[in-house]
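The next block holds one structure in the form of structure tokens; read it before the comments.
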Amino acid sequence: MTEASEEVKGAVKYRDTLVWFMLFILSERPMHGYEIIKRIRELTMNQWKPAAGSIYPLLSYMKDVGLIDVANVEENKIKGGKRIIYTLTEKGWQEFRDLIMRKSALYMNFIDFIVKSSIKQLREHGYAQDADALCSQLSQWSKDLSNVLESELECAAKTKAPSK
């Protein structure tokens, strides 16, 4: 395999990851490009801020393949032009659902690895305080997640309950 084809694979993988991330973000609500950039930055704790030069062409690509559509165009909302609000299409929702179902298993596996192996390795190599801090963070996250899941299951049970 040539180096050039490996670069294409990397570029495609990056694009696919960004598409997934943008579908995830647009599942929250319709947004314009700059809001998407801010949301990515927020979700990654300022570790990743994609450039507008990668977001806007990708939005165009996603529109071309039918994953998103223009929900609204706000004229004169920004200096020099209009603000375009994007929303998921039915195809976008289906792609989001398919991706989240596949990727959730990957992320659960990764968290399982962190809990079962990485914390132990930190302790064994003299980083007990870091292991303790990670345990505390994961414990709080687990409690918060349990509350969310419990609430979602209660909501699901209510919608399945027969009408009176």
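The values are calculated or read from the model by the stated rules, or taken from the named source; none is laboratory data. These figures come from a predicted structure and were not determined experimentally. Here Cβ is always computed from backbone atoms with ideal geometry, including for glycine, and neighbour counts include all displayed protein chains. All accessible areas refer to the heavy atoms of the entire protein, side chains included, with ligands and DNA or RNA removed. Shrake-Rupley method; radii C 1.70, N 1.55, O 1.52, S 1.80 Å.
If R0 is 35 Å, the Cβ-Cβ spacing of Thr87 and Thr159 corresponds to a FRET efficiency of close to 0.90. Students often get this wrong, so try it: which of [x] 20.3, 66; [y] 26.3, 98; [z] 16.5, 65 is Rg and Dmax of the Cα atoms in Å as calculated from the structure shown? Answer by label: [x]. Solvent-accessible area of the chain (1.4 angstrom probe, protein heavy atoms only): carbon and sulfur portion equals 56 percent. Computed FRET efficiency, Cβ-Cβ of Ser142 and Arg29, R0 25 Å: what is it to the nearest 0.05? FRET efficiency, Ser142 to Arg29: 0.35. At what distance in nm do the modelled label points of Leu134 and Ser118 sit from each other, each positioned 7 Å from its Cα along Cα→Cβ? The modelled label-to-label distance comes out at 0.6 nm. Counting only heavy atoms of the protein chains and using a 1.4 Å probe, Trp141 has close to 120 Å² of accessible surface.
Taking the helices alone, the chain has a mean residue ellipticity at 222 nm of -23000 deg cm²/dmol, built from -39,500 (n - 2.57) per DSSP H run of at least 4 residues and averaged over all its residues. Here Glu154 sits with roughly 100 square angstrom of accessible surface, probe radius 1.4 Å. With protein chains left intact and a 1.4 Å probe, residues in the chain average 73 Å² of accessible area per residue. Relative to the longest principal axis of the Cα atoms of the chain, the long axis of helix 90-113 makes an angle of roughly 20 degrees.
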